Amino acid sequence: MELLSAITEFAAREPKIYGLIIGLVAAAILASVINVVAMLLVWLERKVMGDLQARYGPNRVGGRWGVLQLGADAIKLFTKEDIIPRGADKSVYVWAPIVAVATTMLIAGALPFGAVIIDGREVPLVVANMDISALYVEAVLSLMAIGAFMAGYSSNNKYSMLGAFRGVARMIAYEVPMGVCVISVAVMAHSLNLVEIVNAQQNIWFAVAQPLGFVIFGIALITDLGRMPFDQTEAEEEIIAGYNTEYSGIRFGLLYFQEYIVMLLGSILLVLLFLGGWKGPVIPVISFISPMIWFFMKLLIVLVALIWIRVSLPRFRIDQVTDLGWKILLPLSLVNFVWAVAVGLYFA
Amino acid sequence: MERLLGIEPPERAQYIRIITQELSRIQSHLLGTAEFLTLIASAVYSPFLYMIIDREDVLTCIESVTGARINHSFVRFGGVRNDLPDGFKDMTLDTLKMVREKTKDYKELFLSDSIYRRRMEGIGVLSPAEAKRLGVSGPPLRASDTPYDMRREDPYLLYKDLDFDVITRKEGDSKARVEVRLDEIIESCYIIEQCLDQIPSGPIMAEGIPKKIKPEPGEAYYRVEDHRGEMGFFVASDGTDKPVKVKARGPVYAYFQALPPLLEGVYIADVVAIAGSMDACTSEVDR
Amino acid sequence: MIDLAQFYDIRFLMDLGAFSILAVLILGFSILTVWSSNMVHAALYLLGAFASVAMLYVSLNASFVGVVQVLVYIGAVGVLILFAVMLTRRTLVEEESHG
Amino acid sequence: MGISDVIPVPVAVDEELEKWTIWGRPLTDVWFTTTEKIHEIIDMGPIKNVLNWGRKNSLWFLMQPMGCCGVEMLVFGCPHYDCDRFGIFPRATPRQVDVMIISGYITRKYLPAIKNLWEEIPEPKWVMAIGECAISGGPFYDSYNIINDTSRFFPIDVYVPGCPPRPEKFIEGFRELQKKIKQREDKRGY
């Protein structure tokens, strides 16, 4: 208790330093939690994929459910020989996975990961509760292509280069409709703060209020994540493994892992923007964590839907992807913007 | 070789040969389509895995007759090695019913999948004249509006007694090639059902075949409709127990000849759609 | 007259430290952009400079400008530059070709 | 067993680097002795067992089918057999795999290419010969252009006979390889 009071006193006296320390601690906790959850996500994907395809998925390592499979994979990848090809652009090659993971982690800082109820008041779990966090997340999502680009460029391999090209072209095409969708949501919620946006969905989800925006954002998000119908950057059958063809060992592990972290964060963003975040009826007995339960249920549904889409759609060609982005999604997202403004004004 | 020896295998043996051949045509087409799906989608694309499941059932039928899954050295000079096992008819009919329904499902799936159609329609169009010039045969040729099937052109075994259609498509693009293959699965099911109805009882080996075969000097050429197209065998004998020359003409070599004109100036993503829809088995070219 | 006590205030030192780190980053990246002979490296250094400027904006409590900097300059302009650089012929750009 | 498979060593030491010192000793010296020491500790037992546990449960193989065993290799990853249960997984690029499967005959023309693939795989790596063609040449044993003894060119750990072996035999082969890795009896001594 004494410690607690000392901390509050310190916080009152030195808010800036207190904020810095708390921010660092929260960031450290966040990074480790995200890594663990992303690892579980890889496992979940392999299991769900197995279920959808009439097979089992990993079930030998670590008990019946194969939960330690990812541990084995990680140990193997981390102790594998680390090859840097002779013709590679060494500095860029070394920095690419780091940049990829760092840009991903930047998103995590601004995303609320649910909320808890203390004294009848919702306290969102967010490291940096910025006023413009929606725009910030959207901006940092567009940095994702740079890590992939660096990896593809530096590998000195024409297939990697093609993967990098495709990644950048795709990113340019889809960043615009995605941004317009985020702005439409912000117009309806009268705020760019993700917590405020979630609060604005107390009565009606934005997925219902603007279904067009939800669909467009979902498609653009899958594209940004580079998942199945849009995984041209690492199309195994066309360009070997795309931008990470030449990567081995721990560097490949980072790139591989980064995709799943992005998938997790992207799904969280979708839940926050369109599916009402942690809003839901309060469950009486465990009211303390009832928002968390709602949040994770929605998140799980989105993740499983992403995996489902992955196993059931063939891949687009890259020119069809950019066509879809520029010619269909962009006009439709503008239509959705007008709709959002009109509805927002009507109900305001 | 039998043509060289002048042996006619008994009727039952011929029917068994037709049944196994059509069954392996079904499994080959299923595998070819499945492999092609991994190329335009990815290795985790579910229909690919479902097709492999169906193929396993068909393979079980083949295995119950021949004892091997893929390389069944089953045909003997003048007949076949084994008779059909007990309960083969029921098992095969069940499997065929399942395969036919599943294949119809796949066709429906591909028709309704707009991504698939965008990827496949009008890609790698092979005109009939061009296809004939390049020596392509089998499903890719039939997809180019040319009803050319060895079972009809030069009926071997007892195919002239059986009722079946030669599947053709007008478009000649990748989508047509895959559709021809799926339709042929259904047609093969029909052929096998007829065979199972008509099959007579009797011996499975011709009489009087010597242990050591010494054919008269001469040559023989025999062509059959393989899963992938026209397959020709040439044997030349000089009267001893070893042939002077054996030459097999596989269909896939011609597919690869057809690829360069098709692949000129297309996207990399289309390369897999075109080459995959040919169902080219690379190791067949190698010999 | 400078208030000397201000220099010993940890809050001021933190601000100063953050600013000097960012200033060094911006200057360093800018110089490297001009210095480097490899076009792609130059473009990547430019992105680094943009990112540092964005961080500077955020540290000046102008987070909206910072985010717009990221969105427009890194997300759009920088990536377009990268794209354009990739479309140039490499043998003209680099003495020792790689690739 | 080189030191390179656990801790990366610089491939070529620059002359410049040799001049640098740390605590009065050349930097390269310190680096090499440290890595040797670390490696000795790892070699002693428990850590090595953990590493080998990870390696044996995550055997990714190279998707490179050749010949009719390649067809069974495809089926091996599909339902009914499902290699994913054991953590076995196909990858398309040699940089990210552990096991190379020689699943068919190797012609003289193809040998340089497949050797190149083998050399591109990072350590630790294993190779399996699957099917008669890969073991002894199979039906092509007296052909003029087929390599009929692949063990002359690759340190093969597991032979799986059959023409082509059933997918169950593939699983059996991988289980044998896992046993070998666990007991540290594979050819390259990991």
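Projecting the Cα atoms of C:M39, A:L306, B:G276 onto the charge dipole of the protein assembly as shown (Cβ charges, centred on the Cα centre) puts B:G276 farthest toward the positive pole.
Which order results if B:E121, B:E264 are arranged by neighbouring Cβ count within 10 Å, fewest first?
By the 10 Å Cβ count, ascending: B:E264, B:E121.
Remark: B:D163, A:D51 ranked as B:D163, A:D51, counting other beta-carbon atoms within 10 Å and listing the fewest first.
Report the FRET efficiency, 1/(1 + (r/R0)^6), for C:D15 and A:Y18, where r is their Cβ-Cβ distance and R0 is 22 Å, rounded to 0.05.
Computed FRET efficiency for C:D15 and A:Y18: 0.90.
Farthest towards the positive end of the charge dipole of the protein assembly as shown, among the residues A:W339, A:L269, B:P128, is the Cα of B:P128, using unit charges on the Cβ of Lys, Arg, Asp and Glu. Cα centroids of region B:1-69 and region B:149-213: 12 Å apart. Could you give the DSSP H helices of chain A that reach 30 angstrom or more along their long axis (alpha carbon positions) and whose average Kyte-Doolittle hydropathy is no lower than 0.5? Within chain A the helices that satisfy the rule are A:15-52, A:90-110, A:158-189, A:249-274, A:290-312.
Which shape class applies to chain B: rounded if a/c is under 1.5, otherwise prolate when a/b exceeds b/c and oblate if not, where a ≥ b ≥ c are the square roots of the Cα gyration tensor eigenvalues? Verdict is oblate for chain B. Between region D:32-85 and region A:3-20, the alpha-carbon centres lie 51 Å apart.
Within the set of other residues whose C-beta is less than 13 Å from the C-beta of A:Y18, count the net charge using Lys and Arg as +1 and Asp and Glu as -1.
Around A:Y18, the charge tally is +1.
Extension gain, D:W20 to D:K48: 0.36 nm times the residue separation minus the Cα-Cα distance gives 6.8 nm. Residues of region D:93-134 with an amide N closer than 17 Å to a point placed 7 Å from the Cα of D:E176 along the Cα-to-Cβ direction: D:99-104, D:126-134. Among the listed pairs B:K107/B:K132; B:K245/D:K109; B:K89/B:K175, those whose Cα-Cα separation exceeds 30 Å are B:K89/B:K175. Each Lys or Arg adds one and each Asp or Glu takes one away; over the other residues whose Cβ falls under 10 Å from the Cβ of D:E185, this sums to +3. Under 1.5 on a/c is rounded, so check that first for region C:15-93, then, if it is not, pick prolate when a/b is larger than b/c and oblate when it is not; a ≥ b ≥ c are the square roots of the alpha carbon gyration tensor eigenvalues. Because a/c hits 1.5 or more and a/b fails to exceed b/c, region C:15-93 counts as oblate. Can you tell me the orientation of helix D:167-182 relative to chain D, as the angle in degrees between its alpha-carbon axis and the longest Cα principal axis, to the nearest 10? Helix D:167-182 and the main axis of chain D meet at about 20 degrees. For D:I106, the residues whose amide H sits under 5 Å from its own are D:I147, ignoring neighbours fewer than 5 places away on the same chain, with H placed 1.01 Å from N. Scaling the Cα radius of gyration of region B:151-272 by the globular reference 2.2 N^0.38 Å produces a ratio of 1.45.
Relative to the longest principal axis of the Cα atoms of chain B, the long axis of helix B:46-66 lies at roughly 0 degrees. Working note: Debye formula, equal point scatterers on the alpha-carbon atoms of the protein assembly as shown, no solvent; log10 I(q)/I(0) at q = 0.06, 0.07, 0.10 Å⁻¹ is -0.52, -0.69, -1.27. Short to long, the 5 Å bins of the Cα pair-distance histogram for region D:58-182 hold 2, 12, 23, 26, 21, 11, 4, 1, 0 percent of all pairs. For A:K16, the aspartates and glutamates whose Cα falls under 16 Å of its own Cα, not counting residues fewer than eight places away in the same chain, are C:D9, C:D15.
Take A:V285 and B:A68, extend 7 Å from each Cα along the Cα→Cβ direction, and tell me the distance between the two endpoints in nm. Reported label-point gap for A:V285 and B:A68 is 6.4 nm. Between A:R121 and A:V341, full extension at 0.36 nm per residue minus the direct alpha carbon distance yields a gain of 76.1 nm. Considering only A:L70, D:A134, B:P243, the residue lying farthest towards the positive end of the dipole of the protein assembly as shown is B:P243, judged by Cα position with unit charges set on Cβ. By the count of other C-beta atoms within 10 Å, a proxy for reagent exposure, D:M73, A:M297, B:M150 are ordered fewest to most as A:M297, B:M150, D:M73.
Could you tell me whether region A:238-348 comes out rounded, prolate or oblate from its Cα gyration tensor? Rule is a ≥ b ≥ c as square roots of the eigenvalues, rounded for a/c under 1.5, then prolate if a/b exceeds b/c, otherwise oblate. Here region A:238-348 falls in the oblate category. Relative contact order of chain D: 19 percent, from C-alpha pairs under 8 Å at least 6 residues apart in sequence.
Counting only Cβ charges, +1 for Lys and Arg and -1 for Asp and Glu, the dipole size of the protein assembly as shown around its Cα centre is about 600 debye.
Under a Gaussian network description of chain B, with springs only between Cα atoms under 10 Å, the residue in B:P261, B:P128, B:P47 that fluctuates furthest is B:P261. Give, as a single signed number, the net charge of other residues whose beta carbon lies under 14 Å from the beta carbon of B:M98, with Lys and Arg counted +1 and Asp and Glu -1. Local net charge: -3. Seen against the Cα atoms of chain D and their longest principal axis, helix D:46-56 is set at about 30 degrees. Placing a pseudo-label 7 Å from each Cα along the Cα-to-Cβ vector at D:I38 and B:A129 gives an inter-label distance of 6.9 nm.
We did not get these values from a lab; they are worked out from the coordinates using the rules stated. Here the structure is a predicted model, which means the values were calculated and not measured. Positions of Cβ are generated from backbone atoms using ideal geometry, with glycine treated the same way; all protein chains shown enter the neighbour counts.
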